[in-house]
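Taking it in order: structure first as structure tokens, then the write-up.
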Amino acid sequence: MRINETKGSDHYHHGDLRRALIGRAINILESEGEAALTMRRIARDVGVSQAAPYSHFKSKKDLLTAVCVEGTVWFGDSMKARAAGKQGLEYLAGLAVGHVQFALEHPALFRLMSTRPISESLDAQGNLPEIFNEGYQLMLSGLAAAPLKHFGSAERQLDAPIAWAQIYGISNLLIEGRITPETFGFDNVEEFVNALLGHFLHL
């Protein structure tokens, strides 16, 4: 689910200022970059006082944590949507395509989620909120559903970081424009990712 936010003072008329602030923060992040994202700017755009955001977020750091949480939800939704109704290797491929498509649709948000210090997202007990592990857990479920013979590692637990590194790297290369599907003779991202996954699995 996307946060419905538009610039103006009445777009949180249901009283959910917190979600309006997060939505506007994501909009600014994706359209202008993190440097343009300030508490003062977000308050102005949403149409509230400069002090109002601080009733929901103690600092910009806390706001960014909330932005990353929301992004993680979108990320998981993208992966699950592409894998829905599939099994085995097709399920794993769907997760991979959903990963890449999220990164391409939300590059600034993907980078923030990927590069922000983990320590800034820890809860009061020093633990990483469970939602941040969703994408990784989805990948684990995909690997568990795939036949072991398709993987080269002798130890099953090594398959997850190897697979994650592969798809994470491809996502970043595509975002940066260092490679394109067309460069390698493919018409779209889905065909390209499926072919890469097949190569990785030695199909």
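Values as computed for the structure displayed
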item: When residues of region 151-177 are limited to those that are assigned to a helix (DSSP H, G or I) and of a type in the set (Phe, Trp, Tyr), the one modelled with the lowest pLDDT; result: TRP164
item: Of all residues in region 45-64 being buried (at least 19 other Cβ atoms within 10 Å of the Cβ) and touching a Ser or Thr at 6+ places or on another chain (Cβ under 9 Å), the one that is nearest to LEU17 (Cα to Cα); result: VAL46
item: Matching entry among GLY85, GLY98 (being small (Gly, Ala, Ser), in contact with a Lys or Arg (Cβ under 7 Å, 6 or more places away or on another chain) and closer than 30 Å to HIS199 by Cα); result: GLY98
item: Pair list, Cβ < 8 Å and 6+ apart or interchain, from region 84-96 residues that are among the hydrophobic types (A, V, I, L, M, F, W, C) to residues that are assigned to a loop (DSSP other than H, G, I, E, B); result: LEU89/ALA146; LEU89/PRO147; LEU89/LEU201; LEU89/LEU203; LEU92/ALA146; ALA93/LYS86
item: Residue count for region 97-130, restricted to those that are surrounded by 15 or more Cβ atoms within 10 Å (Cβ to Cβ) and either in contact with a Gly (Cβ under 8 Å, 6 or more places away or on another chain) or at pLDDT 90 or above (or both); result: 15
item: Residue that is surrounded by the fewest Cβ atoms within 10 Å (Cβ to Cβ) [pool: residues in region 79-96 that are over 13 Å from MET139 (Cβ atoms) and of a type in the set (Gly, Ala, Ser)]; result: GLY85
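The values are calculated or read from the model by the stated rules, or taken from the named source; none is laboratory data. Since the model is a prediction, treat every value here as computed from it, not as a measurement. Positions of Cβ are generated from backbone atoms using ideal geometry, with glycine treated the same way; all protein chains shown enter the neighbour counts.
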